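Inspection log for the structure reproduced underneath, given as structure tokens.
The values are calculated or read from the model by the stated rules, or taken from the named source; none is laboratory data. Values in this document were obtained by computation on a predicted structure and should not be read as measured data. Cβ placement follows ideal geometry from the backbone for every residue including glycine, while neighbour counts extend to all protein chains displayed. With ligands, DNA and RNA removed, areas are computed over all heavy atoms of the protein, side chains included. Shrake-Rupley method; radii C 1.70, N 1.55, O 1.52, S 1.80 Å.
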Amino acid sequence: MAMNTRIVLARRPEGEPADDCFRVETVELPELQDGQILIKVCWLSLDPYMRPRMNDMKSYAKPLQIGDVMTGESTGVVLESKSDKYRPGDHVAAHLGWQSHIVADADNPAVMPVDLANGTLSAHLGVVGMPGRTAYFGLREVGKPKAGETLVVAAASGAVGSVVGQMAKILGLRAVGVAGGPEKCRYATEELGFDACIDYKSDDFAKKLAAACPDGIDVYFENVGGAVTKAVAGLLNPGARVPICGYISNYNDADLEQAETPFHILKRLDSVPEHRFFLVTEWQERWCEATRQLGQWIKEGKLKYRESVGEGLENAPEYFRGMLKGRNFGKQLVKVAD
Ligand SMILES: NC(=O)c1ccc[n+]([C@@H]2O[C@H](COP(=O)([O-])OP(=O)(O)OC[C@H]3O[C@@H](n4cnc5c(N)ncnc54)[C@H](OP(=O)(O)O)[C@@H]3O)[C@@H](O)[C@H]2O)c1
């Protein structure tokens, strides 16, 4: 009998999710029914949005319930198929949680084919996957970038931020990153081609950011919130746009509903920039466009990426905690199987 290892939410965290917020379970896989496929998961993606999902609070998505499989996307290979849609050996992405094996209806919209012509199986969880698409649509559609403008993005070495900054360069903008520590900043400038990258943990961060943006800021791609947003706010030019992608600095707050969010910080300004929260799913019908374009830029050497690979599904909680506080350097993945 084939078995599935999965990680479920055992208790809601207060602050950083401790080990006992998660439970590893090993369960028998159900027998495959007509129209279903069995997926062997090779890679699991760990993403910041999973942390708010562990809270019992109103959000754009329903909170996880105690006992639910932790939410998450993975990529893998079809082992068995009772559907015409997939054959054994096909590569797929599935947004069906932290699991080693998945039995799913082939028609489930949470399961998508993966075309390795656009990037590796792991890259489909990062640079050409959901985070890459988030950068692609958030910047183009909400940031409305124009050549010659200055863009600032934080979490600049991460999955979304690294793509935002490199896309800004492709589109002819000045790209200024913000990241935690000199190594990540060096990577953003020397390897990714950002014009500057400022360490938000360094002394005089706000002064250094102002010096790196002599013409002010036209697009601030919001990933982190908090102190970084406050430093950016005073530098925003009239007409600036702020796509609000997320605000990770608040995600481990004991009460996220009481947090001072980027909305609070921006609304206090005399000249309030154009800003809105967006979700990558708003452009779901255009996902292929983004995946193809991002894959093309990689082939042309215009888009580089880095992955932080953790080993073993049972270690996912530790890598997840690390990602929330910047221990990852690039897209955080867990290698579940070869
Ligand atoms: N709206 C959407 O549809 C959507 C989709 C995907 C992602 N997102 C959002 O995009 C943002 C980035 O996600 P990602 O997947 O690309 O993650 P990531 O950048 O690969 O990893 C998270 C990074 O956040 C940074 N960070 C953590 N705490 C911070 C703090 N207090 N201040 C500043 N930076 C901090 C860390 O980098 P440093 O070491 O540089 O601090 C860490 O490496 C998140 O806010 C996420 O929720 C939104």
Problem - Residues located in the range 317-331, provided they are within 9 Å of the ligand (Cβ to nearest atom) and either at pLDDT below 95 or open to solvent by 30 Å² or more (accessible area, probe 1.4 Å) (or both) - result: 325, 326, 327
Completion exercise
Pairing a residue in the range 226-239 that is farther than 22 Å from residue 201 by Cβ with any residue that is away from the ligand (no atom under 12 Å from the Cβ) and at pLDDT 95 or above, where Cβ atoms lie under 6 Å and the two sit 6 or more apart in sequence or on different chains, gives 236/217; 236/273; 237/216; 237/218
Fill in the blank from the handout: The residue that is nearest to the ligand (Cβ to nearest atom), considering only those in the range 305-316 that are surrounded by 19 or more Cβ atoms within 10 Å (Cβ to Cβ) and in a helix (DSSP H, G or I), is 316
Handout entry: Hey, residue 146 over 20 Å from the mean Cα position of the chain (by Cα), basic (Lys, Arg), open to solvent by 10 Å² or more (accessible area, probe 1.4 Å) and at pLDDT 95 or above or not
Key = yes
Completion exercise
Here the residues within the range 234-255 that are open to solvent by less than 20 Å² (accessible area, probe 1.4 Å) and within 16 Å of the ligand (Cβ to nearest atom) are 241, 242, 243, 244, 246, 250
Problem - Of all residues making up the range 87-126, the number that are farther than 24 Å from residue 320 by Cβ and open to solvent by less than 10 Å² (accessible area, probe 1.4 Å) - result: 1
Practice task
Pick out the one residue from 159, 155, 123 that is touching a helix residue (DSSP H, G or I) at 6+ places or on another chain (Cβ under 9 Å), at pLDDT 95 or above and on the phi > 0 side of the Ramachandran plot.
Solution key: 155
Fill in the blank from the handout: For the range 248-271, pairs from a residue that is without any contact (Cβ under 8 Å) to a residue 40 or more places away in the chain to a residue that is open to solvent by 70 Å² or more (accessible area, probe 1.4 Å), with Cβ under 7 Å and 6 or more apart or across chains, are 266/272; 271/238
Exercise for the section: Go through the range 56-84 residue by residue and tally those that are open to solvent by 60 Å² or more (accessible area, probe 1.4 Å) and more than 29 Å from residue 338 (Cα to Cα). Expected result: 7
Practice task
Give me a count of the residues in the range 149-206 that are among the aliphatic types (A, V, I, L, M) and open to solvent by 10 Å² or more (accessible area, probe 1.4 Å).
Solution key: 9
Practice task
Inspect the range 35-55 for any residue being farther than 29 Å from residue 87 by Cβ and either free of Cβ contacts under 8 Å to residues at least 12 places away in the same chain or open to solvent by 50 Å² or more (accessible area, probe 1.4 Å) (or both) and give the result as yes or no.
Solution key: no
Handout entry: Any hit, the range 272-290, residues being in a helix (DSSP H, G or I), touching a helix residue (DSSP H, G or I) at 6+ places or on another chain (Cβ under 9 Å) and open to solvent by less than 10 Å² (accessible area, probe 1.4 Å)
Key = yes
